[in-house]
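Right, one structure below, let's go through it.
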Amino acid sequence: MRSNRLRYALWHNWLPTTDPFALSETDARRALVTRYVNAYGPVTIPDLAWWTGWTTADANAAADGIGLSVSGDAANLLGGVRLLPTWDVHMVAHKDRSHIIDDRHVRFAYDAKGNAASVVTRNGRVIGIWDLGKKDEPLHIRVAPLTTWKTSMWDSVEAQIDKIRVFLNQPDVTIERCTDAVDLTTAKKNQHLYPLSE
């Protein structure tokens, strides 16, 4: 769950049968656009340029002839209630994020530099913020709704939290219901990593 717990591998050990230089740059860019659209579509040229870091001209060239209005698979995977981690690709795959978050809630989910916090989504739209805290033992998860939640919503969120508990192999979890989210645009540096913790 945290960056210092990632495991790294050498390319030839991880993907021994894949040649990273098999495609030309042009073909590689087109393949990347196709995968991006199939995962996160519909997208726009500004989305593509922002996500890849390409110029608008390069994005247009790479996307030439590729339909950008395809409905991607990622949206289908985010049905129901989900707790997404910090920097989840769903939160950073588009330049225009109005389809996933209301304007009035953006400051609770993104800091001034655009870093995305851990969020609660329902059918792909942000409805709350959650925080794993700075330690896994004991496991203490904070949740702050950005909308009014019924008991059934809390039940769904708590079911997702229990999956995190199981994943982290923890016997117990304490869930703290917070009433207010932190404005990350004015918060201290790196507050997006722990948006509800002191």
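The values are calculated or read from the model by the stated rules, or taken from the named source; none is laboratory data. Computed from a predicted structure; not experimentally measured. As a convention, Cβ positions derive from the backbone with ideal geometry for all residues, glycine included, and neighbour counts pool all protein chains shown. All accessible areas refer to the heavy atoms of the entire protein, side chains included, with ligands and DNA or RNA removed. Shrake-Rupley method; radii C 1.70, N 1.55, O 1.52, S 1.80 Å.
Based on this model, can you work out whether ALA39 counts as within 24 Å of LEU146 (Cβ to Cβ) and either modelled with pLDDT under 95 or among the basic types (Lys, Arg) (or both)?
no
Search the stretch 9-30 for residues that are at negative phi and among the hydrophobic types (A, V, I, L, M, F, W, C) and pair each with any residue that is open to solvent by less than 70 Å² (accessible area, probe 1.4 Å) and at pLDDT 90 or above when their beta-carbon atoms are under 7 Å apart and the residues are at least 6 apart or on different chains.
LEU23/ALA31
Could you list all residues from the stretch 59-100 that are under 28 Å from TRP149 (Cα atoms), open to solvent by 40 Å² or more (accessible area, probe 1.4 Å) and in contact with a Lys or Arg (Cβ under 9 Å, 6 or more places away or on another chain)?
Within the stretch 59-100, ARG82, HIS99 meet the criteria.
Restricted to the stretch 110-127, and to residues that are without any contact (Cβ under 8 Å) to a residue 40 or more places away in the chain and assigned to a loop (DSSP other than H, G, I, E, B), which residue is least open to solvent (accessible area, probe 1.4 Å)?
Within the stretch 110-127, the match that is least open to solvent (accessible area, probe 1.4 Å) is GLY114.
Identify, from the list THR44, THR56, the residue that is open to solvent by 60 Å² or more (accessible area, probe 1.4 Å), free of Cβ contacts under 8 Å to residues at least 12 places away in the same chain and either more than 19 Å from ILE129 (Cα to Cα) or over 13 Å from the mean Cα position of the chain (by Cα) (or both).
Only one candidate passes the filter, namely THR56.
Among the residues in the stretch 139-157, are any out of contact with any strand residue (DSSP E or B) (no Cβ under 7 Å at 6 or more places or on another chain), open to solvent by 30 Å² or more (accessible area, probe 1.4 Å) and farther than 24 Å from VAL182 by Cα?
Yes, the stretch 139-157 contains at least one residue that is out of contact with any strand residue (DSSP E or B) (no Cβ under 7 Å at 6 or more places or on another chain), open to solvent by 30 Å² or more (accessible area, probe 1.4 Å) and farther than 24 Å from VAL182 by Cα.
I'm checking my understanding of the structure. Among residues of the stretch 159-198 that are open to solvent by less than 60 Å² (accessible area, probe 1.4 Å) and assigned to a helix (DSSP H, G or I), which one is farthest from THR86 (Cα to Cα)?
Selected residue: ALA159.
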